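J.: Take a look at the following structure, please.
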Amino acid sequence: QVQLVESGGGLVQAGGSLRLSCAASGRTFSSYAMGWFRQAPGKEREFVAAISWSGGSTYYADSVKGRFTISRVNAKNTVYLQMNSLKPEDTALYYCAAPPRRTVVTTKEAYVYWGQGTQVTVSS
C-alpha cells in the first residue's frame, strides 16, 4: 500500500512558478513509477508528467513540456513537480499518483494509488 499527500499548491500570477510536492508512505515507494495529473472544473482528469522508479525516464504532456519538470528523491519518499511560466489554463486540482509498475505510463487507468489533490490557481 502507498499513501500519497500533495502540497505546494496556491494562487499565482501568470508567468509565475510553483513547486508541488507529493510525500509517500510505505516502503515500496522507490519500486514505483510516479505521475502527476490535473483536473479542471468540468473537464476530464488529464495526464501531466510521469517519472520512472529510478528517475531515469520522464514523460510530459505536450501542454506542459518545457515549462514543468518532474523529479523524485527516493530517500525522502517524495516526488516533485516544478511548474514555471504558469498560464491561466494550468488552473486545476493537481494529483500525484502511483501505478504498480516501475516504468513510465501516461494513462490514468494504470494508476492505482492517488492523493487527495492540491489546488493550483493561475490568475491572468
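The values are calculated or read from the model by the stated rules, or taken from the named source; none is laboratory data. Keep in mind it's a predicted model, so treat the numbers as computed, not measured. Note that we place each Cβ from the backbone using ideal geometry, even for glycine, and neighbour counts take in every protein chain shown. Areas reflect the complete protein model, heavy atoms only, side chains present, ligands, DNA and RNA absent. Shrake-Rupley method; radii C 1.70, N 1.55, O 1.52, S 1.80 Å.
J.: Among 117, 57, 88, which residue has its Cα positioned farthest towards the positive end of the charge dipole of the chain, with +1 placed on the Cβ of Lys and Arg, -1 on the Cβ of Asp and Glu, and the dipole taken about the Cα centre?
T.: Positive-most Cα among the choices belongs to 57.
J.: Report the semi-axes of the equivalent ellipsoid for the chain in whole Å, largest first, where each axis is √(5λ) for an eigenvalue λ of the Cα gyration tensor. Spell out each step's value before the answer.
T.: Values: eigenvalues 102, 38, 36 Å².
Ellipsoid semi-axes (Å, largest first): 23, 14, 13.
J.: I've got another one for you. Averaged per residue, what accessible area in Å² does the chain show with a 1.4 Å probe, protein chains only?
T.: 51 Å²
J.: Still on this structure, please answer the following. Please report how far the C-alpha centroid of segment 18-48 lies from that of segment 73-124, rounded to the nearest whole angstrom.
T.: Value for the Cα centre distance between the two parts: 3 Å.
J.: Continuing with the same structure: In terms of solvent-accessible area of protein heavy atoms at a 1.4 angstrom probe, what is the ranking of 109, 46, highest value first?
T.: The residues order as 109, 46, largest area first.
J.: To the nearest 20 Debye, how big is the dipole of the chain about its Cα centre, given +1 on the beta carbon of each Lys and Arg and -1 on that of each Asp and Glu?
T.: Rounded to the nearest 20 debye, it is 320 debye.
J.: Round to the nearest 10 and report in Å² the accessible area of residue 65, as given by a 1.4 Å probe over the protein chains' heavy atoms.
T.: About 110 Å², rounded to the nearest 10.
J.: Let me ask something else. Would you mind checking which residues have amide H under 5 Å from residue 91's amide H? H placed 1.01 Å from N; only 5 or more apart, or other chain.
T.: Amide H neighbours of residue 91: 122.
J.: May I pose another question? How much of the accessible area of the chain, in percent, comes from carbon and sulfur atoms when a 1.4 Å probe is used?
T.: Carbon-and-sulfur percentage of accessible area, whole number: 48.
J.: Which residue, 91, 28, 58, has the most motion in a Gaussian network model of the chain that connects Cα atoms within less than 10 Å?
T.: Taking springs between Cα atoms under 10 Å, the residue moving most is 28.
J.: For residue 17, what charge total do you get from the other residues with a beta carbon under 15 Å from its beta carbon, if Lys and Arg give +1 and Asp and Glu give -1? Could you put the intermediate results ahead of the total?
T.: Numbers: positive: 19, 67, 87; negative: 90.
Counting the neighbours of residue 17, the net charge comes to +2.
J.: Still on this structure, please answer the following. Step through the residues of segment 57-62 one at a time and calculate ³J(HN,Hα) from phi using the Karplus curve (6.51 cos²θ - 1.76 cosθ + 1.60, θ = phi - 60°), rounding each to whole Hz and writing x for Gly and Pro.
T.: Per residue, the Karplus-derived 3J(HN,Hα) values read 10, 9, 8, 10, 5, 4 Hz.
J.: Also, quick follow-up: Find the percent of Cα-Cα distances in segment 20-86 that exceed 13 Å, and round it to a whole number.
T.: It works out to 63 percent of all Cα pairs.
J.: Further, regarding this structure: Provide the per-residue ³J(HN,Hα) series for segment 21-33, in order, calculated from phi with Karplus coefficients 6.51, -1.76, 1.60 and θ = phi - 60°, each as a whole number of Hz, with x at glycine and proline positions.
T.: 10, 9, 9, 10, 9, x, 6, 9, 3, 5, 8, 10, 5
J.: Which of the listed residues, 11, 30, 68, is farthest toward the dipole's positive end in segment 1-118, when Lys, Arg count +1 and Asp, Glu count -1 at the beta-carbon?
T.: 30
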